[in-house]
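Undergrad: After the C-alpha cells below, expect a handful of questions from me.
Bear in mind these aren't lab numbers, they're just calculated from the coordinates by the rules spelled out. What you are looking at is a predicted structure, and each value in this text was computed from that prediction instead of being measured. With ideal geometry, Cβ positions are generated from the backbone for all residues, glycine too; neighbour counts draw on all protein chains shown.
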C-alpha cells in the first residue's frame with residue numbers, strides 16, 4: 001500500500017491556490033511521534049510504498065534521510081515544490097523511484113501562482129539533479145486554475161528538453177475552497193471556453209505525436225484513461241484513497257486522503273493501535289458517482305470532493321463535466337490509437353503507467 005507521510009505542514013511558498021496557513025490546532029506543524037513507531041507500523045506491510053508529503057517535505061531533509069535509511073519500503077517517492085532538490089545527495093535521490101515537482105506550466109503562469117522566480121529555480125534544480133545522475137521518473141505536477149491554458153502549459157512542460165519531464169499530470173483548482181470558486185471570475189465560462197477546448201486540442205496533439213513519431217507522450221491522465229478504454233478494465237477511485245493509499249499525519253493519525261486533515265470522516269486509525277490490513281475500504285465513494293455511466297472509467301475522481309461537496313451538487317457536477325469531456329475526447333481517438341497498436345507503430349505496453357500507485361491520481 002501507499003503511505004503519504006506528512007513530514008511537516010510548513011512550506012516556504014504561499015501559492016495563490018493554497019495560502020500556506022496551516023492550523024496547528026488541527027494537526028501539529030511538525031511530527032510529534034517517534035519515528036521508531038512509524039517504522040514498526042510501516043514494516044508490518046511488506047508491500048509498503050512511501051511518499052513524502054507536506055507542507056514542503058524537503059524542509060525536513062534529515063527526517064526524509066532517516067526514513068530512507070531505516071524503514072524498509074518497496075519504493076519511495078516525493079511530492080515537492082522543487083526549491084530544495086539540490087539539498088539531496090545522489091545516493092538519496094536515487095532512492096526515489098518518482099519525484100513529483102510542482103510546476104504549473106509556462107514561466108508566467110507558474111510565477112503568477114507560486115511567486116516570482118519560482119519557475120527558474122525549479123528548472124535550475126531539476127537540471128542539477130539530472131546532472132548529478134538522477135534518471136528516475138520526474139513528473140511535472142500542475143495545479144490548474146483560471147490563468148492556465150491547459151494546451152499551452154502542458155505542451156510547454158512535455159516538450160522541455162533541458163531539463164526534461166518524463167510525465168505531466170495536473171489537478172484542477174476546484175472543489176477545495178469554501179466559499180466556492182473564489183479564485184475564479186467565472187468558473188463555468190473558463191471551463192466551457194478555455195479548459196475543455198484546450199483538452200480537445202491537447203488530445204489531438206497527443207494523437208498526432210503517436211501517429212507521426214510513434215511516441216506516446218507522458219501525459220498522465222491520457223495514458224491512464226486510454227489504457228482503460230483499450231483493455232476494458234474497470235477501475236475504482238484511481239488515486240487509491242482509502243483503498244490502497246493512506247496518509248500518516250504529523251500526530252500519527254491515519255486518514256484516507258492527505259488533504260482531509262480537518263474532516264473526521266476520513267479518520268481511519270493511528271500508527272499505534274491500527275494494523276495496515278485493517279485500513280482498506282473503510283470509506284468509499286458514494287452519491288452521484290455510483291449512478292454515473294462513466295463510473296468504471298473515471299473511478300469516482302476524488303474521494304475528498306465526493307464526501308465534502310464543498311461547492312454543492314451543482315459545482316460538483318460542473319467539475320464532472322470536465323472529466324466526461326476528457327474521457328469523450330479520448331473515446332473519439334481510441335479506434336485510431338488501436339489501429340496504431342495493430343500496425344506496430346506503438347505498443348499497448350506504452351500505456352502501462354503508472355506501474356504502481358506513485359501518487360498520480362490520473363483523473364484531474
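Undergrad: Hey, any idea what the orientation-averaged projected area of the convex hull of segment 310-355's Cα atoms comes to, in nm²?
TA: Hull-based average projected area comes out at 4.5 nm².
Undergrad: Return the Rg/Rh value of segment 139-217, two decimal places, where both radii are evaluated on C-alpha atoms and Rh is the Kirkwood radius.
TA: My calculation of the ratio gives 1.03.
Undergrad: Working from the alpha-carbon coordinates of segment 218-257, get Rg over Rh, Rh being the Kirkwood radius.
TA: My calculation of the ratio gives 1.17.
Undergrad: OK, next. As an exercise, find the ratio Rg/Rh for segment 255-305 from alpha-carbon atoms, using the Kirkwood inverse-distance average for Rh.
TA: Taking Rh as the inverse mean 1/r over Cα pairs, Rg/Rh reads 1.04.
Undergrad: Quick one: which of 96-104, 193-201 comes out on top by average Cβ neighbours within 10 Å, and what's the full order, highest first?
TA: Ranking the peptides 96-104, 193-201 by packing returns 96-104, 193-201.
Undergrad: Sticking with this structure for a sec: Using only the alpha-carbon atoms of segment 206-289 as identical scatterers, what base-10 log of I(q)/I(0) does the Debye formula give at q = 0.23, 0.26 Å⁻¹?
TA: Calculated log10 I(q)/I(0) at the listed q: -1.06, -1.23.
Undergrad: Rank 124, 44, 324 by mean-square fluctuation in a GNM of the chain with C-alpha springs under 10 angstrom and give only the top-ranked residue.
TA: Its mean-square fluctuation being the largest, the pick is 44.
Undergrad: A follow-up question, please. Would you work out the Kirkwood radius for segment 14-64? I mean one over the mean of 1/r across all pairs of different Cα atoms, in Å.
TA: 13.3
Undergrad: Give me the log10 of I(q) over I(0) for segment 252-364 at q = 0.15, 0.16, 0.19 Å⁻¹, as the Debye formula computes it from C-alpha points; what are the numbers?
TA: -0.85, -0.92, -1.12
Undergrad: Compute the length gained on full extension between residue 332 and residue 264: take 0.36 nm times their separation in residues and subtract their Cα-Cα distance, giving the result in nm to one decimal.
TA: 20.4 nm
Undergrad: Determine the distance separating the Cα centre of segment 254-279 from the Cα centre of segment 95-171; give it in Å without decimals.
TA: 31
Undergrad: Quote the FRET efficiency, to the nearest 0.05, computed for residue 349 versus residue 39 with a Förster distance R0 of 45 Å and r equal to the Cβ-Cβ distance.
TA: With a Förster radius of 45 Å, E is 0.80.
Undergrad: May I ask you to sort 120, 192 by Cβ crowding, counting other Cβ atoms within 10 Å and putting the fewest first?
TA: Ascending number of Cβ neighbours within 10 Å: 120, 192.
Undergrad: How much mean residue ellipticity at 222 nm does the chain get from its helices, if each DSSP H run of length 4 or more adds -39500 (n - 2.57) and you divide by all residues, to the nearest 500 deg cm²/dmol?
TA: -11000 deg cm²/dmol
Undergrad: Okay, moving on. Kirkwood hydrodynamic radius, segment 87-157, all distinct C-alpha pairs: what's the number in Å?
TA: Mean inverse Cα-Cα distance, inverted, gives 12.9 Å.
Undergrad: How large is log10 of I(q)/I(0) for the chain at q = 0.07, 0.08, 0.13, 0.15 Å⁻¹ when the intensity is taken from the Debye formula with one equal scatterer per alpha-carbon?
TA: The calculated log intensity ratios at q = 0.07, 0.08, 0.13, 0.15 Å⁻¹ are -0.29, -0.38, -1.10, -1.51.
Undergrad: Want the number for residue 278 to residue 164: 0.36 nm per residue separation, take away the alpha-carbon distance, what's left?
TA: Taking 0.36 nm per residue and subtracting the Cα distance, the gain is 37.0 nm.
Undergrad: With each label point set 7 Å from Cα along the Cα-Cβ vector, what nm distance links residue 296 and residue 116?
TA: Distance between the two pseudo-spin positions: 5.4 nm.
Undergrad: Going by how many other beta carbons lie within 10 Å of each one, how would you line up 27, 361, 213, fewest first?
TA: So the ranking, lowest neighbour count to highest, is 213, 27, 361.
Undergrad: Then there's this: How far is the Cα center of segment 207-250 from the Cα center of segment 312-364, in Å?
TA: Cα centroid to Cα centroid, the span is 6 Å.
Undergrad: Taking springs between alpha-carbon atoms closer than 10 angstrom, which of 35, 178, 237 fluctuates most in the Gaussian network model of the chain?
TA: 178
Undergrad: For the residues 2, 13, what sequence is obtained by ranking on other C-beta atoms within 10 Å, fewest first?
TA: Least to most surrounded, the residues fall as 13, 2.
Undergrad: How much length, in nm to one decimal, is gained on full extension between residue 189 and residue 208, taken as 0.36 nm per residue of separation minus their Cα-Cα distance?
TA: Length gained, residue 189 through residue 208: 4.0 nm.
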